[in-house]
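> I have a structure I would like to understand better, so I am pasting it below and will then ask my questions one at a time.
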Amino acid sequence: MEEKYFGHSVLRKEGREKVTGRARYVDDLAFPEMLHGVTVRSSVAHGRIRDIPFGEGIPWGEFTVVTAADIPGKNEIALIEHDQPCLAAEFINHPEEAVVLLAHADRYLLEEARRAVQIDVEPLPAIFSIEESIAKRVVLYGKDNVFKEYHLEKGDVDAAWARADVIVEGEYRTGAQEQLYIENQGMIATANPADGVTIWGSLQCPYYIHKALITLFGLPGEKIRVIQAETGGGFGGKEEYPSMIAGHAALLAWKSGKPVKIIYDRAEDMVATTKRHPSRTRHRTGVTRDGKLVAMDIDFVIDGGAYATLSSVVLSRGTIHAAGPYFCPNVRVHSRAVATNAPPHGAFRGFGAPQAIFAAERHIDQVALAVNLTPEEFRRRNFLHKGQTTITGQLINEDVNFDGLLDRAFRESDYHAKRERFARENPGEAVKRGIGFASFMHGAGFTGSGEVYLASVVELEATREGIVRVLAASTEIGQGTNTVFSQIAADALGISYDRIEIARPDTGAVPNSGPTVASRTSMVVGHLVETAALGMKRTLVDSGLLCDACTEDEFVRACKRYIDTRGPLRSRTQYEPPPGLFWDDKKYSGDAYGTYAWAVYVAEVAVDTVTFEALTDFVAVQEIGKVIHPVLAAGQIEGGVAQAIGMSLYENVVWREGRMANGQMTNYIMPTAADIPPIRVFFEEQPYPFGPHGAKGIGELPMDGPAPAIINAIENATGICVREIPATPEVLMEALTAKAGALV
Ligand code: MOS
């Protein structure tokens, strides 16, 4: 088919609405008689609720007050496990856990009322670290605090150590990170026994909320409707938590009989909602003297917080990415997600992979050093190639050209000349320069059999006027879903981009195309859009109303004729796995992903020994199948790299007894535009046969590589081996001062 739109940077489908201020976000919506809702939260990390006294001076009779006792169905946020309540009834398991909900028309009085509710808790001992959780100092979940555990083994690791000339060990840590979408979380609900529950809100996954509300209200699915309002960013942060807010708004609406809006301010959003899982990774690696990997033993642990939420799947992705893009005949990964008394950690762009890849790519530099090879040479001797298997035993059947990606990245960054020059010049300089890189991969789509279980559906519907609407639950959250789907549909139908409309994600009106997560929307759902569009065209051709090489006018006439004579013109497609994919859920082995994007990122730093600020240049080279929209694709990479720079050097969640102590943007420091160096983005294209026009997923990829590339560059500049991020200026100052002290 002709690629008239595919590969071109067409105008964003919803761009005009956004830049002219016409786009309606949830806080722009209002309903007659609408009340506002707020959440009263626990202040302690762990305890038993003794009493909930309502203070003096508040006209409580005017308020709608909801506690766990008001829940019509099950007090549970239905997701994977069944451990998380919608409102704490007896036990508190983390700070900021929701206990009481209040609604009133007057937002200011509501705020006073919130402060007048005391939650009297008998405190229990609490645990706040991975170590305390593993030691079972307090058992919060099951018998051992382990939400989920994987044992992956390929080859025979125990037998392989004997063949290793050198064994290198290391421990690496990453901290929590806040998603910091521009639009805070928010929901509006209407709810009553006759009409059921309807939700409007800022969200990624309409059908996740749908499922959660079925359980919470004990209502049949057709009585629950979830509609996405315009959404200002998600990054995973609006994957699971919106089910909680939707539940709260709906409970208040159900009891009051009026629409209820809950909008979090930034402080509440930061302290109460999910963040990236903190992690600890231990590597033990055996290599031969000539730099070939013999054995890798990896212990990967993530802090899940107080409830299971999505930790098991975050852990799964981290586990599968833990050994990096290398071929090693003997690999073992033992991974665990463990419970602590922190608010649950959750989905965040990369979903466990950034944590695991930080450790892997920092460690590979240490291994290279141990066998006197450059980071480059060591990697070149161990890169995964076509015909080899990953740690899950997945046979790579595409050309993986890491040597080529490395060459390109080094050329664009002038890596070799700089590495040589910095080594020569650094000794006499106050500013230490360095350059480092990371090579990595990211699997697109749900892991293992995930896509088969999702069985996503997309539908296209044409009007008599020849407008084609795409019906899908996939959400536009700023990343370009609407634009990409329109490009794909327009090219497949051979009509203009303006003839495509994207239906608003609304569980009452669109089929379930799955959640908008896991770098799956363009590749997996986009492929369904393409298949459905080709099906629609085929229908018109087979009915004799259209020829294959028709004009747009002929298409419009054919739609009208078809609908007038035969009825609705619709085309529906359901996901089918690419042929030959095999996954064994029990052994956790096989084809973990349909495909991977492959990348090499180079970071250049200049560590100022006064300010300890670091980053000066960044080159991102990736093979992503085919580029659908150059501007949006580059935007995904630039945004992801910027977010990962935050994770590496700036964004430090300060914990105090399980609570985020710096839940404001004045003291949780994220990089601004002034702190971000040029991010130079380059794409290599090698079509993936089962993505639309060969495209692979790219949303999460750019989150994976920057942290190890930057910290590897800092080691190159200063000789300091940082094993934990964020490496804030304070951390670098202490490390460099300690090193200088040691030299004196
Ligand atoms: Mo995500 S972190 O798969 O929304």
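> log₁₀ I(q)/I(0) of the stretch 228-360 at q = 0.11, 0.18 Å⁻¹, via Debye over equal Cα point scatterers, no solvent, to two decimals?
After summing over all Cα pairs, the log10 values are -0.51, -0.97.
> Quick check on my link table: of Lys74/Lys223; Lys136/Lys739; Lys154/Lys626; Lys13/Lys386, which ones sit more than 27 Å apart, alpha carbon to alpha carbon?
Values: Lys74/Lys223 16 Å; Lys136/Lys739 36 Å; Lys154/Lys626 32 Å; Lys13/Lys386 38 Å.
Violating the 27 Å Cα-Cα cut-off are Lys136/Lys739; Lys154/Lys626; Lys13/Lys386.
> Taking 7 Å along the Cα-to-C-beta vector as the label spot, tell me the Ala509-Glu425 distance in nanometres, rounded to one decimal.
If labels sit at Ala509 and Glu425, their model points lie 5.9 nm apart.
> Next question. Put a dot 7 Å past each Cα toward the Cβ at Ala194 and Arg656; how far apart are the dots in nm?
It is 5.0 nm.
> Rounded, prolate or oblate: which fits the stretch 551-639, taking a ≥ b ≥ c as square roots of the Cα gyration tensor eigenvalues, rounded meaning a/c under 1.5, else prolate when a/b beats b/c? Can you show the working numbers first?
Working: a/c = 4.33, a/b = 1.76, b/c = 2.46.
It is oblate, given that a/c is not under 1.5 and a/b is not larger than b/c.
> Another question, then. Starting from the alpha-carbon convex hull of the stretch 156-254, give the projected area averaged over all orientations, in nm². Please list the in-between numbers first.
Details: hull surface 42.7 nm².
Taking a quarter of the hull surface, the average projection is 10.7 nm².
> Please work out the Cα center distance from the stretch 48-121 to the stretch 536-566, rounded to the nearest Å.
First find each Cα centre; the distance between them is then 57 Å.
> Once the dipole of the chain is set up with Lys and Arg at +1 and Asp and Glu at -1 on Cβ about the Cα centre, which of Phe378, Ile637, Phe690 lies farthest towards its positive end?
Phe690
> Using 0.36 nm times the number of residues separating Thr611 and Ile676, minus their current alpha carbon distance, what extension gain do you get? Please list the in-between numbers first.
On the way: separation 65, 0.36 × 65 = 23.40 nm, distance 1.57 nm.
Stretched fully, the Thr611-Ile676 segment lengthens by 21.8 nm.
> Related question: Just order 362-368, 492-498, 45-51, 437-443 by mean Cβ neighbour count inside 10 Å, highest at the front, would you?
Those peptides, ordered most packed to least, come out 437-443, 362-368, 492-498, 45-51.
> Same structure again: Carbon-plus-sulfur fraction of the accessible area of the stretch 72-134, 1.4 Å probe, in percent? Could the numbers behind the result be given before it?
Details: 1420 of 2770 Å².
Carbon with sulfur: 51 percent of the solvent-accessible area.
> Let me ask another. Evaluate the charge dipole of the stretch 468-588 about its Cα centre and quote only its size in Debye, nearest 20, assuming +1 on the Cβ of each Lys and Arg and -1 on the Cβ of each Asp and Glu. Could the numbers behind the result be given before it?
On the way: 14 positive and 15 negative charges, 66 e Å.
Charge dipole, the stretch 468-588, about its Cα centre: 320 debye, nearest 20.
> What is the packing order of peptides 237-249, 561-573, 182-194, taking the mean over residues of other C-beta atoms within 10 Å and listing the highest first? Could you put the intermediate results ahead of the total?
Values: 237-249: 27.8, 561-573: 15.2, 182-194: 20.1.
Averaged packing, sorted descending, gives the order 237-249, 182-194, 561-573.
> Okay, next question. Identify, among Gly594, Ala473, Thr718, the residue whose Cα sits farthest towards the positive end of the charge dipole of the chain, taking +1 on the Cβ of Lys and Arg and -1 on the Cβ of Asp and Glu, with the dipole about the Cα centre.
Working it through, the farthest residue towards the positive pole turns out to be Gly594.
> Would you pull out the residues with amide H under 5 Å of Thr616's amide H, same chain only if 5 or more places away, H placed 1.01 Å from N?
Here Glu604, Val605, Ala606 satisfy the definition.
> Kirkwood Rh, Cα Rg: Rg to Rh for the stretch 599-744? Before the final figure, lay out the partial values.
Details: Rg = 17.6 Å, Rh = 16.7 Å.
Radius of gyration over Kirkwood radius for the stretch 599-744 works out to 1.05.
> I've got another one for you. What is the dipole size for the chain, taken about its Cα centre, with +1 at each Lys and Arg Cβ and -1 at each Asp and Glu Cβ, in debye to the nearest 20?
Numbers: 75 positive and 96 negative charges, 135 e Å.
Dipole size: approximately 660 debye.
> Go through Lys211/Lys255; Lys143/Lys587; Lys238/Lys258; Lys148/Lys258; Lys238/Lys292; Lys261/Lys696 and tell me which ones have a Cα-Cα distance over 32 Å in this structure. Write out the running numbers ahead of the final one.
Values: Lys211/Lys255 21 Å; Lys143/Lys587 23 Å; Lys238/Lys258 25 Å; Lys148/Lys258 41 Å; Lys238/Lys292 42 Å; Lys261/Lys696 38 Å.
From Lys211/Lys255; Lys143/Lys587; Lys238/Lys258; Lys148/Lys258; Lys238/Lys292; Lys261/Lys696, over 32 Å: Lys148/Lys258; Lys238/Lys292; Lys261/Lys696.
> Follow-up. Which whole-Hz couplings ³J(HN,Hα) result when phi for each residue of the stretch 202-218 is put into the Karplus expression 6.51 cos²θ - 1.76 cosθ + 1.60, θ = phi - 60°, listed in order with x for Gly and Pro?
Coupling constants for the stretch 202-218: 8, 7, 9, 9, x, 6, 5, 5, 3, 5, 5, 6, 4, 5, 5, 9, x Hz.
> To check you understand DSSP bridge types, tell me what percent of the beta bridges within the chain (both residues inside) are antiparallel, rounded to 5.
Values: 90 of 119 bridges.
Roughly 75 percent of the DSSP beta bridges within the chain come out antiparallel.
> In nanometres, what is the gap between the two model label sites at Lys386 and Ile563, each 7 Å from Cα along Cα-to-Cβ?
Distance between label points: 4.7 nm.
> For the stretch 685-695, in order, what is each residue's ³J(HN,Hα) by Karplus, 6.51 cos²θ - 1.76 cosθ + 1.60 with θ = phi - 60°, in whole Hz (x at glycine and Pro)?
Whole-Hz 3J(HN,Hα) from phi for the stretch 685-695: 10, 8, x, 8, x, 10, x, x, 6, x, 6.
> Same structure, new question: In whole Å, what is the distance between the alpha-carbon centres of the stretch 131-182 and the stretch 449-493?
After rounding, the separation between the Cα centres reads 39 Å.
> With the Cα gyration tensor of the stretch 668-735 in hand, convert its eigenvalues to equivalent ellipsoid semi-axes via √(5λ) and list them largest first in whole Å.
For the stretch 668-735, the semi-axes come out at 33, 14, 11 Å.
> Here is a follow-up. Using a 1.4 Å probe, what is the accessible area per residue for the chain, in Å²? Write out the running numbers ahead of the final one.
Working: 27650 Å² over 744 residues.
In whole numbers, the chain has 37 Å² accessible per residue.
> Arrange the residues His527, His283 by how much accessible surface each exposes, largest first, with a 1.4 angstrom probe. Mind showing how you got there, number by number?
Working: His527 60, His283 10 Å².
Putting His527, His283 in descending order of accessible area: His527, His283.
> Rounded, prolate or oblate, given the Cα gyration tensor of the stretch 698-744, with a/c below 1.5 counting as rounded? Don't skip to the end; give the middle numbers.
Numbers: a/c = 4.41, a/b = 2.58, b/c = 1.71.
Cα axes put the stretch 698-744 in the prolate bin.
> Assuming a ≥ b ≥ c are the square roots of the Cα gyration tensor eigenvalues, decide whether the chain counts as rounded (a/c under 1.5), prolate (otherwise, with a/b larger than b/c) or oblate. Walk me through the numbers on the way to the answer.
Numbers: a/c = 1.74, a/b = 1.13, b/c = 1.54.
In terms of gyration-tensor shape, oblate.
> Positive end of the charge dipole of the stretch 127-282 (Lys, Arg +1 and Asp, Glu -1 on Cβ, about the Cα centre): tell me which of Leu213, Ser243, Ala159 has its Cα farthest that way.
Leu213
> Would you mind getting me the FRET efficiency between Asp414 and Glu122? Use the beta-carbon distance for r and R0 = 60 Å, nearest 0.05. It would help to have the intermediate numbers written out before the result.
Numbers: r = 63 Å, r/R0 = 1.05.
Taking R0 as 60 Å, the efficiency between Asp414 and Glu122 is 0.45.
> With every protein chain present, what accessible area does Cys205 have (1.4 Å probe, heavy atoms only), rounded to the nearest 10 Å²?
0
> Something else now. Quick one: 3J(HN,Hα) in Hz for the stretch 166-179, Karplus 6.51/-1.76/1.60 with θ = phi - 60°, rounded, Gly and Pro as x.
Each residue's phi maps through the Karplus curve to give 9, 10, 10, 10, x, 10, 9, 9, 10, x, 6, 8, 8, 5 Hz.
> Let me ask something else. Starting from the residue with the highest accessible area, list Lys386, Lys537 in decreasing order, probe 1.4 Å.
On the way: Lys386 110, Lys537 30 Å².
I get Lys386, Lys537, largest accessible area first.
> If packing is taken as the mean number of other Cβ atoms within 10 Å per residue, what is the order of 408-416, 454-462, 474-482, 69-77, highest first?
Details: 408-416: 18.4, 454-462: 22.1, 474-482: 24.1, 69-77: 16.7.
Output ranking for 408-416, 454-462, 474-482, 69-77: 474-482, 454-462, 408-416, 69-77.
> So who's got an amide H within less than 5 Å of the one on Lys148, skipping anything under 5 residues away but keeping other chains? H placed 1.01 Å off N, in plane.
Amide H neighbours of Lys148: Ala337.
> Taking a cut-off of 16 Å between Cα atoms, list the aspartates and glutamates near Lys586, but don't count ones fewer than 8 places away on the same chain.
Partners found: Glu149, Glu153.
> Now for a separate question. Under unit Cβ charges (Lys, Arg +1; Asp, Glu -1), what dipole magnitude, rounded to 20 debye, does the stretch 133-183 have relative to its Cα centre?
Details: 7 positive and 10 negative charges, 58 e Å.
The dipole of the stretch 133-183 has a size of about 280 debye.
> Right, next: Please list, in chain and number order, the residues 5+ apart from Cys86 or on another chain whose amide H is under 5 Å from its amide H, with Hs placed from the backbone.
For Cys86, the qualifying residues are Glu76, Ile77.
> I've got another one for you. Taking a temperature of 37 °C and a viscosity of 0.692 mPa s, what whole-number D in µm²/s does Stokes-Einstein yield for the stretch 494-605 with Rh from Kirkwood over alpha carbon pairs?
Working: Rh = 17.7 Å.
Here the translational diffusion coefficient equals 186 µm²/s.
The values are calculated or read from the model by the stated rules, or taken from the named source; none is laboratory data. No experiment lies behind these values; they were computed from the predicted model shown. Don't worry about glycine lacking a Cβ; one is built from the backbone with ideal geometry, like all the others, and counts go over all protein chains shown. These accessible areas exclude ligands, DNA and RNA; they are computed on the full protein's heavy atoms, side chains included. Shrake-Rupley method; radii C 1.70, N 1.55, O 1.52, S 1.80 Å.
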